1. For the range A:55-134, what does the accessible surface come to per residue with a 1.4 Å probe? Please give it in Å².
2. Looking only at other chains, what is the average number of their beta-carbon atoms within 10 angstrom of each beta-carbon in B:150-160?
3. Given a 1.4 Å probe, show me the residues in the range B:75-105 buried by at least 40 Å² of accessible surface when comparing the whole protein assembly to the chain alone.
4. Which order do the peptides A:88-99, B:116-127, B:4-15 come out in when sorted by mean C-beta neighbours inside 10 angstrom, highest first?
5. In the range B:172-312, what percent of the accessible surface is made up of carbon and sulfur (1.4 Å probe, ligands and nucleic acids excluded)?
6. Given Cα pairs under 8 Å that are at least 6 residues apart, what percent is the relative contact order of chain B?
7. With a cut-off of 8 Å between alpha carbons and a minimum separation of six or more residues, what is the relative contact order of the range A:55-134 in percent?
8. Counting Lys +1, Arg +1, Asp -1, Glu -1, what net charge surrounds B:Thr155 among other residues with beta carbon under 13 Å of its beta carbon?
Amino acid sequence: MPNKSSIPLSWRLNKSIYRLVGNKCKRCGTFFFPSRDICPKCRRKGDIEEVVFSGEGEVYSYTMINVAPKGFEQQTPYLIGIIKLKEGPLITGQIVRPNNNIEIGKKVYAVFRKLTEDSKSGIIKYGFKFKIKD
Amino acid sequence: MTDIGIVGYGCYIPRLRIRVEEIARIWGADGKNIKNSLGVEEKSVPDIDEDTVTIAVEASKNALKRARINPRNIEAVFIGSESHPYVVNPSGTIVAEAIGVSNNLFCADLEFACKAGTAGMQICYAMVKAGMIKYGLAIGSDTAQGRPGDALEYTAAAGGAAFIIGNNPLAIIEDTLSFATDTPDFFRREGEPYPKHAGRFTGEPAYFRHVVTATTNFLKKTGLKQDDFDYIVFHMPNGKFPLKAAKKLGFPPEKIKQSLVVKKIGNTYSGSSLLGLSNVLDVAKPNERILLTSYGSGAGSDCFSFLVTDAIEERRCSAPRTREYIENKEYVDYGLYVKLKGKLKL
Ligand SMILES: [Zn+2]
C-alpha cells in the first residue's frame with residue numbers, strides 16, 4: 001500500500017481489507033480477491049456476488065523484508081507472504097511474528113492489525129495480516 | 001420478562017511479554033522485591049502493529065464465534081479504553097466495520113479510566129432491556145502506557161475482552177449498581193503521553209473505598225450474600241489489591257483465585273476485570289453465580305452479578321480460552337520493548 005495514499009481511496013477499500021470481502025462468480029464458482037466487476041471466464045454470462053473470505057489458507061511463498069518502503073521502517077524485519085486462500089485466490093499480505101517458524105505450505109489465518117500510519121498525526125490504516133497456525 | 005445477559009464473550013491478549021525483572025534491570029531496581037510487592041511476574045506487550053482497536057477486533061471476533069449470531073443484528077458498539085488511538089475519531093466505528101455489524105448503529109467511545117468497559121456493558125444491558133436494540137457489543141481494551149522508570153511501567157499492559165449482550169444468554173445479568181465520587185488518584189491531561197498517579201493515595205480512598213462501597217451497596221440492594229457467589233472478580237491494578245478487597249468484604253480468597261490473571265499479564269486497564277470475568281466464564285458451571293466489581297480512577301466502580309446458564313457448556317468451546325492467550329507467549333528484552341512501544345525516533 002502506498003504511503004500517504006488518499007483517505008477516500010483507503011476508505012473505499014476498508015470493507016475489503018478489514019474483513020477480506022471479495023466476490024464469487026455464481027455461474028462458474030470462481031472466487032476473486034480483490035473484487036472484480038466481471039468474471040473473466042464467463043464474461044457477460046457471469047453472475048457476481050459478494051463473499052466474505054474465511055481468512056484461512058496456506059503459505060504459497062514468502063520473503064523477509066529488511067529494507068522497508070516508507071511507512072514500514074519501524075517494522076523491520078518482517079515477513080511478506082503470498083497466501084493461497086482456502087477459497088482459491090492468491091493474495092499478498094504481511095505474516096505476523098514470530099518470524100522463525102515459517103515454511104511454505106504452513107496453515108495461516110487472517111488477523112486484524114495496524115498496517116501503517118501516514119505520520120504520528122496522520123490517519124492510521126488497519127487491515128488483514130496473516131498468522132501461522134500453532 | 002426474558003433473561004438478558006452475556007450471549008457471547010471473547011478475549012485477546014498480545015503474545016509478547018516482558019518480565020518485571022527485565023524492567024528492573026534497566027533502572028537498577030530490585031526486581032524480585034518489586035515482583036513480590038506487586039504480585040506481578042510479567043506483563044503483556046503489544047506488538048508494533050497492535051493497539052486498542054486491533055485488540056478489540058480480535059476479542060469481538062471471539063465473542064461472535066461464541067454468540068453464534070449474525071453480526072448484522074448487533075446495533076450498538078461501546079468501547080471503553082484510556083488508549084483510544086485517536087483523540088478525535090472513534091475506535092468504535094473501526095471495530096464495527098471490521099466485524100461487519102449493522103450500520104444502523106448506536107456507537108460511542110467511552111472513557112472512565114479502567115472501568116469504561118463495564119460502563120459499556122451497563123449501557124448495552126439497559127438498551128436491550130428498553131427494547132432499543134437486539135444485541136449490543138461492549139468492549140474493554142487497552143494498551144496501557146507507563147512513564148519509563150515509573151512504578152506503573154512494571155504493570156501497564158495490553159489486552160481486552162468483548163461481550164455481546166442480549167437475550168438467550170450464557171450468563172444472565174441479574175443486577176448492576178455503580179458508585180462514583182470525585183477522587184483524582186490517577187489522571188492524564190490532553191496531549192500528555194503518560195498518566196500521573198497519586199502514589200499511595202490510589203489505595204484506601206480510591207480503589208478500596210469504591211470497590212468496597214459499590215459491592216456492599218450492591219449486596220444490600222439485591223439481598224445476595226457472600227455465600228451466594230461461587231466466583232468474584234475485581235479490577236486488578238496489581239496482584240495484591242483484589243485479594244485485600246476480597247478480605248475486607250468477607251469473601252474467601254479461593255473465590256477470587258480463578259479471576260487473578262494479573263500475575264502473568266499485568267494490568268490491562270479497561271481489559272482487566274473483564275479478562276478476569278472471561279477467565280471465570282471459561283470454567284464456570286451452569287447455575288454458578290459470579291460477582292464482578294470494576295474500578296476506574298477518578299473514581300468509580302460498577303458491580304454486577306451474573307448467573308451462568310446451561311448455554312455456557314456448548315458455546316464456550318467455540319473460541320480460544322483466556323488461558324490459551326496467557327500461555328502462548330514470547331519474551332522480549334527492554335530494547336525490543338522500547339522499539340515496539342514506538343519510543344524510537346528514526
Ligand atoms: Zn464465472
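The values are calculated or read from the model by the stated rules, or taken from the named source; none is laboratory data. Since the model is a prediction, treat every value here as computed from it, not as a measurement. So basically every Cβ, Gly included, is an ideal-geometry build from the backbone, and we count neighbours across all protein chains shown. The protein model used for the area step is the full one, side chains on, heavy atoms only, and it has no ligands, DNA or RNA in it. Shrake-Rupley method; radii C 1.70, N 1.55, O 1.52, S 1.80 Å.
1. The answer is 48 Å² per residue.
2. Rounded to a whole number, the mean comes out at 0.
3. With the partner chains in place, the range B:75-105 has these residues losing at least 40 Å²: B:Tyr86, B:Ile94, B:Glu97, B:Ala98.
4. My ranking of the peptides, most packed first, is B:4-15, B:116-127, A:88-99.
5. Values: 2910 of 5580 Å².
Here it works out to 52 percent.
6. Dividing the mean separation by the residue count of chain B yields 26 percent.
7. Details: 164 pairs, mean separation 23.9, N = 80.
Answer for the range A:55-134 is 30 percent.
8. Net local charge, B:Thr155 excluded: +3.
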